[in-house]
Amino acid sequence: MRKMMFVSAAFVSALTLAFCGCGKGSSTNVLKPASKPSDPPADYVVAVANGTPLVWDEMNKRAMGYMKDEVEVSHLMIPSNRLDEAKDYFRRRAVSAFVFKTVMLEEAAKENISLSEADRQEGLKTLAQSLKARNWTTNDFFLKGPMGESSMRSEFEAGMVIDKLLKLKVRSSLRADEKEIADAVAMIDATNDLKQVKLEGVRKQILAGANFEDVARNVSECPSAKNGGDLGEFGRGKMDKAFEAAAFAQEVGVVGPVVQTRFGYHIIKVTARTPAKAATDSTPAVPETVRASHILLNRIPVDRKRVSDSLLRTKYNAGVQKYYAELKAKAKVECYLYKDLTF
């Protein structure tokens with residue numbers, strides 16, 4: 001399970017490569033042009049990393065594909081008067097991704113990193129997991145990408161090679177010791193305690209006259225906040241046991257004490273109650289129901305494994321940045337299109 005967590009993190013880089021990175025190019029003139037053309041031709045050299053060129057056509061194709069993906073999948077809204085600014089932003093990202101890929105793949109070659117069929121199958125499984133959020137299959141990834149199926153498969157292979165390099169150079173040395181885990185758990189406990197104290201203060205405001213529904217809209221972390229905290233009518237067995245016990249014990253119109261459930265901390269207000277009706281010869285029994293509103297502050301779950309995984313993920317991301325910075329420091333990178341772009 002931990003392996004999958006780290007592979008997924010690395011595949012963020014692989015997906016970035018696929019949508020805005022760049023390949024090694026072909027036999028393009030890599031001499032620095034005298035100045036940037038006002039309308040760059042397809043073979044205009046945008047940047048060079050360790051002798052590997054990136055040309056305008058490739059960069060622009062990747063950048064526009066990435067922008068299209070953000071608009072269609074992440075619902076990015078780009079005002080028409082800021083379209084040029086958005087294009088510039090994604091082109092810069094494409095250049096940065098090109099440098100990352102080029103530097104990493106060169107280092108992987110020096111380390112004799114190669115892929116086995118097992119690596120590819122594991123990579124496909126992880127890719128499938130990563131694509132669930134956008135309702136894509138792995139075939140969608142290869143067929144709908146901005147560069148065509150062949151190039152998308154090549155980018156996928158590159159991502160797996162880079163991931164394998166990072167396993168060797170970064171991931172293999174990661175550890176989360178017991179003190180780090182204990183400190184993180186203590187911090188979570190303290191945060192939860194503060195949430196409970198905050199909600200106690202909110203309850204005092206309501207008891208002092210603040211409108212429950214207005215407070216719920218502004219404070220509650222439950223989706224019901226938009227309805228003033230209203231959860232509708234419910235019977236027994238429909239809610240968390242602690243929540244249910246409190247709701248059915250409260251009088252209508254009373255703002256109850258703060259209640260803790262597995263979801264978090266609640267202030268409950270019962271707004272209506274329908275008493276139970278016994279069965280008759282012609283009608284079935286009708287159980288008691290209540291209608292209630294609540295204000296919720298979510299509780300952060302305390303799970304040592306999740307805490308350990310989170311610590312390792314943070315260390316991994318920092319380790320990747322440090323390792324990449326070390327490689328970049330030894331690389332020769334020139335960007336002719338964006339003089340201010342740093343790597």
Worksheet item: Helix by helix, which DSSP H runs in the chain go 24 Å or more along their axis at the Cα atoms and have an average Kyte-Doolittle hydropathy of -1.0 or more?
Response: 2-20, 83-110, 149-169, 178-207
Discussion item. List the pairs from LYS167/LYS339; LYS167/LYS330; LYS167/LYS332; LYS125/LYS167; LYS169/LYS332; LYS101/LYS315 whose alpha-carbon separation is above 23 Å, in the order I gave them.
Written reply: LYS167/LYS339; LYS167/LYS332
Response to the item:
Projected onto their principal axes, the Cα atoms of segment 272-343 stretch, largest extent first, over whole-Å spans of 89, 35, 23
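Taking the highest mean first, how do the peptides 95-107, 75-87 order by number of other beta carbon atoms within 10 angstrom per residue?
Numbers: 95-107: 22.5, 75-87: 10.2.
By packing density, highest mean first, the sequence is 95-107, 75-87.
Give the average over all directions of the projected area of the C-alpha convex hull of segment 91-141, one decimal, in nm².
Details: hull surface 19.2 nm².
Projected area, direction-averaged: 4.8 nm².
How much length is gained on full extension from LYS132 to GLU251, taking 0.36 nm per residue of separation minus their Cα-Cα distance?
On the way: separation 119, 0.36 × 119 = 42.84 nm, distance 4.53 nm.
The LYS132-GLU251 span can extend by a further 38.3 nm.
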Item to complete: Give me the number: length gained by fully extending ASN227 to LYS125, i.e. 0.36 nm times residue separation minus the C-alpha to C-alpha distance, one decimal in nm.
Response: 32.6 nm
Discussion item. For segment 81-181, compute Rg over Rh where Rg is the Cα radius of gyration and Rh is the Kirkwood radius from the inverse mean 1/r over Cα pairs.
Written reply: 1.05
Worksheet, complete the sentence: Here the FRET efficiency for GLU106 versus LYS204, based on Cβ atoms and R0 = 51 Å and rounded to 0.05, is 0.25
Worksheet item: To the nearest 0.05, how large is the calculated FRET efficiency for ARG153 and SER116 if R₀ is 22 Å and r is the Cβ-Cβ distance?
Response: 0.85
Discussion item. Could you work out the relative contact order of the chain? I mean the mean sequence separation of Cα pairs under 8 Å and 6+ apart, divided by the number of residues, in percent.
Written reply: 20
Worksheet item: Any idea what the alpha-carbon Rg over 2.2 N^0.38 Å comes to for the chain?
Response: 1.38
Fill in: Translational diffusion coefficient (Stokes-Einstein; Kirkwood radius from C-alpha pairs) of segment 198-343 at 10 °C, 1.306 mPa s, in µm²/s
82
Response to the item:
Rounded to whole angstrom, the alpha-carbon centroid of segment 77-145 lies from that of segment 200-264 at a distance of 45
Worksheet, complete the sentence: Cα extents of segment 109-263 per principal axis, largest first, Å, are 70, 42, 29
Item to complete: Please pull out the direction-averaged projected area of segment 33-119, using the convex hull of its alpha-carbon atoms, in nm² to one decimal place.
Response: 8.2
Practice prompt. Provide the three semi-axes, in whole Å and in decreasing order, of the ellipsoid equivalent to segment 239-281 as defined by the square roots of 5 times the Cα gyration tensor eigenvalues.
Written response: 24, 13, 6
Discussion item. Around VAL252, under 12 Å between beta carbons, what's the net of Lys plus Arg minus Asp minus Glu among the other residues?
Written reply: +2
Discussion item. Using a 10 Å cut-off around each Cβ, can you sort GLU221, GLU72, GLU251 from fewest to most neighbouring Cβ atoms?
Written reply: GLU251, GLU72, GLU221
Worksheet, complete the sentence: On the formula 1/(1 + (r/R0)^6), with r taken between the Cβ atoms of ASP340 and SER310 and R0 of 41 Å, the FRET efficiency rounded to 0.05 is 0.70
Worksheet entry | Sorted by Cβ density within 10 Å, fewest first, the residues ARG273, ARG262 | ARG262, ARG273
Worksheet item: Say each of LYS241 and SER172 gets a label point 7 Å from the Cα, pointing the same way as Cα to Cβ; how far apart are those two points in nm?
Response: 4.9
Fill in: Proximal aspartates and glutamates relative to LYS328, as straight alpha-carbon distance under 19 Å, when same-chain residues fewer than 8 apart are discounted
GLU106, GLU107, GLU111, ASP163, ASP340
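Where a number appears in this text, it was derived from the coordinates with a stated rule and is not lab data. All of these numbers come straight from a predicted model, not from anything done at the bench. Cβ: placed from backbone, ideal geometry, glycine included. Neighbour counts: every protein chain shown.
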